Amino acid sequence: MTKEEEFVHLIQTNQGLIYKITTIYSSDREEQKDLYQEVVYQTWKSFDYFKKAAKPSTWLYRVGMNTAITHLNKKHKRPIGVSISDSKLDFAEEMSSDEEEKLEQLYAEIRKLNLLDRGIIFLFLEGKAYEEIAEITGISVSNVGTRMSRIREKLKKGVQTN
Amino acid sequence: MELDEMKSLWQNLSVKVENQDRIQKDILLEMTKTKFRRKMNGIRIPELFGSLFCFGYAGYLIFQFDKIDLRLLQVLGILDIVFLVLIPVASLITVYRLRSLQINHLSTAEMLEAFGRAKRNFWRVQQVGVWLAGMMVLTLVPILGDIQDRLDELMEVEFWMIFLPFVLAFMFFFSRYVLRRYRKVMDQSEDLLKDI
């Protein structure tokens, strides 16, 4: 397999993961498309490291979340050139209206959290254990636990108020 | 909504996401290449152009230095040459540091810290650069006048009556813009660091 083919395979296999990261770190569809392109580009740029990485999944989460952090503070841009079609970003629309509404509420509450907490809840929802969340985010396991209980309270309160 | 419910909602989404059509290979590669080209054009040209302008001006002052007769203007000339070299070099270093953050190595907490610091340093240099640039505009005029043997014309009150308010007004508005932007970035960086 050539490097290009390996890269395409990696993105295709993990396009759902990239979609979910870009959803919680962007405020609208245009921003999400731009962030999606940026994550794909950054993955390509550091693809050689990926091949050496001990835990590829940890690496991809890091690249995605770190790209989102550095990208968020930049001026909002329109996606350029070739862009992924809307249909690739419309997963939520295939859900039932009740589910979709709840998901939108959840996104809205997650977006209110600070950048690190957003990453922590994202990894938690992805089913990661506290140890792995600590490894990806670079904070201690006990800190993950403390933050998780605070996040839990905030999300609960937020969703109830809406 | 309880956390367990959120998790199950997220899992439903994950299943739908996994079942979606794969992005086509050619679209993916073209998207990456376009982004790469755009980055190359967008990042380097304005910074390099500004730096080359400063270096060019510094070179001009160095080669014409023997034509500066007044001692005061010679001292100011040396200072201007130093600033014309130091400001773009410092600016390019901070830009480089901001853009070369190891996205693939750092953990999220490390990235938040490194990005917050790099951004603050970048804007500190920009702020100093604006003030020094304003001072240089004022000092370069008499220096250039001396080099071109037109110092007498520049000593006329009318010239300074037009030139000075224009430079001061420009500096006022430009520095106000930079300062506002600086404060905003500092606040954002503080927030980033507070997140950790």
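Go ahead and run the numbers for FRET between B:MET135 and A:ASP28, Cβ-Cβ distance against an R0 of 45 Å, rounding to 0.05. Don't jump to the answer; show the numbers that get you there.
On the way: r = 43 Å, r/R0 = 0.95.
After rounding to 0.05, the efficiency reads 0.55.
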Revision key, fill the gap. Length-normalised contact order of the range A:94-151, Cα under 8 Å, at least 6 apart, in percent, tallies to 28 percent
**Study point:** Packing-based exposure ordering (other Cβ within 10 Å, fewest first) of A:SER149, A:SER26
**Key:** A:SER149, A:SER26
Point to revise | Reachable aspartates and glutamates from A:LYS45, criterion Cα separation under 15 angstrom, eight or more residues apart if same chain | key: A:GLU4, A:GLU5, A:GLU6, B:GLU30
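How high is the FRET efficiency between B:ASP152 and B:PHE174 when r is their beta carbon distance and R₀ equals 22 Å, given to the nearest 0.05? It would help to have the intermediate numbers written out before the result.
Numbers: r = 30 Å, r/R0 = 1.38.
The value I calculate is 0.15.
Quote the FRET efficiency, to the nearest 0.05, computed for B:ILE93 versus A:PHE47 with a Förster distance R0 of 35 Å and r equal to the Cβ-Cβ distance.
0.85
Charges only on Cβ, +1 for Lys and Arg, -1 for Asp and Glu: so what's the dipole of the range A:103-152 about the Cα centre, in debye to the nearest 20? Each step should come with its number before you reach the end.
On the way: 7 positive and 7 negative charges, 50 e Å.
Approximately 240 debye in magnitude.
Each value in this text was obtained by applying a stated rule to the coordinates, not by laboratory testing. Note that the coordinates shown come from a computational prediction; the quantities given were computed from them, not determined experimentally. All Cβ positions, glycine included, derive from the backbone under ideal geometry; neighbour counts span all protein chains shown.
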